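This report refers to the structure that appears directly beneath it.
We did not get these values from a lab; they are worked out from the coordinates using the rules stated. What you see is a predicted model, and the numbers here were worked out from it, not measured in a lab. Here the Cβ positions follow ideal geometry from the backbone for every residue, glycine too, while neighbour counts run over all protein chains shown.
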Amino acid sequence: MEYGDSSERAKLIAWWGSIAGICLVVALGSIFVTRAYLLRSAYEAENWRPPLIARLERDLAATNRDGAAVSLGELRGKIYVAGYQYTDCPAGCLGMAAVMKLLEAEFGEDPRFHLVSISVDPASDTPEKMDAWVKEKGIDSPRWWFLTGVPQEFAKYMISQFKFYATEEITDEALAAAQGPYAHDQRLVIVDGEANIRGYYDVMNVQRGEMEVERLRRDLRMVLDPSLKLSDFAPPPTDPAP
């Protein structure tokens, strides 16, 4: 019996030793993962930059609302926010313009900063029509281009270069009356001085539009001032409750 008791005791000790060993491995692994996460978070807070998402490889010739011939290539060296808008849009484009006006008020004193509104409907948006719309809406600024041009070239450029969604014509009359004749990409985009796209911002999103605006403002500041770090900013707002 004593021999059997010793054997059982040894088995029990070995079993508990195995359990303790497993727990130790799990605990050490948890500590390692947590430490790695904290180190990664600290690294990103100090070194993260708005990413290089895409690049405008080709130029776009256009006509500004004052009738001047311009091209996006002229903005090399500047940092600009671009949007896809048109004057007959009854809702979303006005919201986008309001956000861009906010940016103009905040960053407009920086000579490197610029705004660009590219027409979704250049066949209808003549320079005269765009100029009248700009003045009516109170968004008249020399640092803000409103561009029109060749419809097919504009449509292809926005898809191939800006990587925007294709525009679709709205055929439902009631929907067109409420939203305008075109369903189009309503994100804003940051382009840096080397024609790199640094971020897309869904500022008209019903659920997270406010958060997107704050993210846009933060990223724009970081592109304009490379010395800024994530740790220099307050945490972004969270998504609203459903």
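The figures follow:
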quantity	calculated
Dipole-positive endmost among 203, 95, 233 within the chain (Cβ charges, Cα centre)	233
Label-to-label distance, nm, for residues given as residue 48 and residue 175 (7 Å Cα→Cβ offset)	3.6
Residues whose placed amide H lies under 5 Å from that of residue 165, excluding near-sequence neighbours	185
Label assignment, volume of the Cα convex hull per residue in Å³ derived from the structure, set (i) 144; (ii) 205; (iii) 188	(ii)
Pair residue 91, residue 155: separation of 7 Å Cα→Cβ label points (nm)	2.4
Amide hydrogen neighbours beyond the local backbone of residue 60, cut-off 5 Å, H modeled	72, 73
21 Å Cα cut-off, lysine pairs counted over the chain (separation 8 or more, or different chains)	7
Potential lengthening between residue 10 and residue 165 on full extension [0.36 nm per residue; Cα-Cα distance subtracted]	48.9 nm
Using θ = phi - 60° and Karplus 6.51 cos²θ - 1.76 cosθ + 1.60, couplings along the stretch 105-118 (whole Hz; Gly, Pro as x)	5, 7, 10, x, 7, 7, x, 7, 8, 8, 10, 9, 10, 10
Signed unit charges on C-beta, dipole axis of the stretch 54-225, positive-most listed residue 150, 82, 224	224
Separation in nanometres of the label points that stand 7 Å from Cα toward Cβ, at residue 141 and residue 221	1.7
Contour minus Cα-Cα distance for residue 57 and residue 19 (0.36 nm per residue)	7.7 nm
Contact order normalised by residue count of the stretch 54-225, Cα under 8 Å, 6+ apart, percent	30
Nonlocal amide H pairs with residue 54, under 5 Å, H built at 1.01 Å	197
Per-residue ³J(HN,Hα) for the stretch 49-56, Karplus 6.51 cos²θ - 1.76 cosθ + 1.60, θ = phi - 60°, Hz, x for Gly and Pro	10, x, x, 8, 8, 7, 9, 7
Per the chain, cysteines lacking a partner by the 4.7 Å Cβ criterion	23
Dipole in debye (nearest 20) - the stretch 36-157, about Cα centre, beta carbon charges: Lys, Arg +1; Asp, Glu -1	340
Separation of alpha-carbon centers, the stretch 153-201 and the stretch 90-121, rounded to whole Å	15
